Amino acid sequence: MIVENNVPLQPYNSFGIVARAQNLVRIASEADVAELRADPRWRDAPRFVLGGGSNIVLTGDVKPLVLKVEIKGLRLVEETPRAWIVEAGAGEIWHDAVQWMLEHGYPGLENLALIPGTVGGAPVQNIGAYGVELQDRFDSLDAIDLDTGRGFTLDAAQCAFGYRDSVFKHVRSGPNDFGLSGRALITRVRFRLPKPWKAVVGYLDLERKMEETGNFTPSATDVFDWVCAIRRAKLPDWRVLGNAGSFFKNPTVTPEQCADIIARDPKIVHYPMDDGSIKLAAGWLIDACGWKGKSVGNAGVYERQALVLVNRGGLENPVTGGEVMTLAKAIQTSVYERFGIRLEPEPVVV
Ligand code: EPU
């Protein structure tokens, strides 16, 4: 185990923001965590767990010890008549893990293809796209409590998944609170992929693909290819144009609030939810306020999807975290002034 000093973080965040880690350690196995905890210099040091860096905004150098998770491994752990259970190391690249499972005959994650980041970040965020959320395909995960050094396993209920939310995003505030933010390092995730496999193609964009191709009984590989094509057409590739995916969550409102907005803006995109609330498309709200294609310094609003903020300066003259947050605040203010809705950012601001 080597603690590196003054490590550039630009290659480790998908915005391409320049910042440094004062101290960084690469965690390739559970033993690395044990070694770290055995060292009195680091045992109680403040720390920050870094996965793929695809959902963070760095607003300065990172002073806490950065634990960069690089735990690898992909394997089928169990096959039952009802499911394949596949385990992946938290440091595996998410998209590569999805592809590996598909190629080895364990389909089920194809709707989540091309999502940036690592396997360990997926449950933190409860990633979701095109009709599937991680929680729909989740079995359990292993993690280490960095305060005590103890390993533990959580099932789906214990992860308390919500929309882009889980127990890993919440700070513990009392003895009866299980918030694990800053405390847990996820080491391995197991997926439960139901048998027989069934395509999830109810999402509008996928229905369009079926119409276009005339293929109404797609294979898992077809769905994978369609999702990749849809994402490539709508979302910028962070390797070319830095970004952190959707920058805001889609807000929910009451039917009364929604009726009020429809009266003023009949075209508003809204979806009724199972619990009676109404989900609004944040991208539409931002677009309606005229932000598409606009910039503040090197922070811009993507031309083809207003929900994505991008780094217009590339790696040479990159956006700063301050510019991203200034743009985000300006967007929040104008959406609030026009619609009375507070948009909540999705990425973690560091
Ligand atoms: N829209 C506009 N203008 C825009 C952007 C969107 O009018 O600039 C409209 C679209 O026409 C559409 C609606 O808003 O009617 C929703 O857009 P879209 O279907 O592209 O999905 P989204 O709500 O913007 C969500 C997730 C994505 C996920 C897609 C596909 C959130 C915050 N975002 O986006 O997740 O890939 O659905 O399922 O929930 C992410 O979380 O980083 C992410 C990319």
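The values are calculated or read from the model by the stated rules, or taken from the named source; none is laboratory data. Small disclaimer: the values here were computed from a predicted structure and weren't measured. Methodologically, a virtual Cβ is constructed for each residue, glycine included, from the backbone with ideal geometry; neighbour enumeration extends over all protein chains shown.
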Within the stretch 230-244, identify whether any single residue is within 30 Å of residue 320 (Cβ to Cβ), of a type in the set (Gly, Ala, Ser) and touching a strand residue (DSSP E or B) at 6+ places or on another chain (Cβ under 9 Å), and answer yes or no. yes
Here the residues within the stretch 206-221 that are surrounded by fewer than 18 Cβ atoms within 10 Å (Cβ to Cβ) and in a helix (DSSP H, G or I) are 207, 208, 210, 211, 212, 213, 221
Of (1) out of contact with any Gly (no Cβ under 7 Å at 6 or more places or on another chain); (2) closer than 17 Å to residue 117 by Cβ, residue 24 fails just (2)
Just checking, which of 87, 110, 103, 78 is within 16 Å of the ligand (Cβ to nearest atom) and of a type in the set (D, E, K, R)? 110
If we only count helices (runs of 4 or more DSSP H) wholly inside the stretch 239-350, which ones have 3 or more residues that are touching a residue at least 24 places away in the same chain (Cβ under 8 Å) and away from the ligand (no atom under 13 Å from the Cβ)? 321-339
What number goes with the only condition from (1) closer than 25 Å to residue 116 by Cα; (2) buried (at least 17 other Cβ atoms within 10 Å of the Cβ) that residue 261 does not pass? (1)
Positions within the stretch 22-54 being closer than 26 Å to residue 237 by Cβ and assigned to a loop (DSSP other than H, G, I, E, B), in sequence order: 51, 52, 53, 54
Checked 152, 178 against criteria (among the aromatic types (Phe, Trp, Tyr), surrounded by fewer than 19 Cβ atoms within 10 Å (Cβ to Cβ) and in a loop (DSSP other than H, G, I, E, B)); the one match is 178
Which residues, taken from the stretch 161-193, are more than 16 Å from the ligand (Cβ to nearest atom) and among the basic types (Lys, Arg)? 172, 183, 188, 190, 192
Just checking, how many residues over the stretch 245-258 are buried (at least 17 other Cβ atoms within 10 Å of the Cβ) and closer than 17 Å to residue 340 by Cβ? 7
Test residue 274 against the stated conditions and say whether it is at pLDDT below 95 and either in contact with a Lys or Arg (Cβ under 6 Å, 6 or more places away or on another chain) or over 25 Å from residue 115 (Cβ atoms) (or both). no
Please specify each residue of the stretch 224-238 satisfying the condition of being closer than 20 Å to residue 200 by Cα and either touching a Leu at 6+ places or on another chain (Cβ under 8 Å) or not in a helix (DSSP H, G or I) (or both). 224, 226, 227, 228, 230, 231, 232
Considering the stretch 55-112 alone, what residues qualify as being under 30 Å from residue 326 (Cβ atoms) and part of a loop (DSSP other than H, G, I, E, B)? 55, 58, 59, 60, 61, 63, 64
Every pair of residues 6+ apart whose Cβ atoms lie under 8 Å, when the first sits in the stretch 172-187 and is farther than 13 Å from residue 48 by Cα while the second is among the hydroxyl-bearing types (Ser, Thr, Tyr) and at pLDDT 90 or above: none
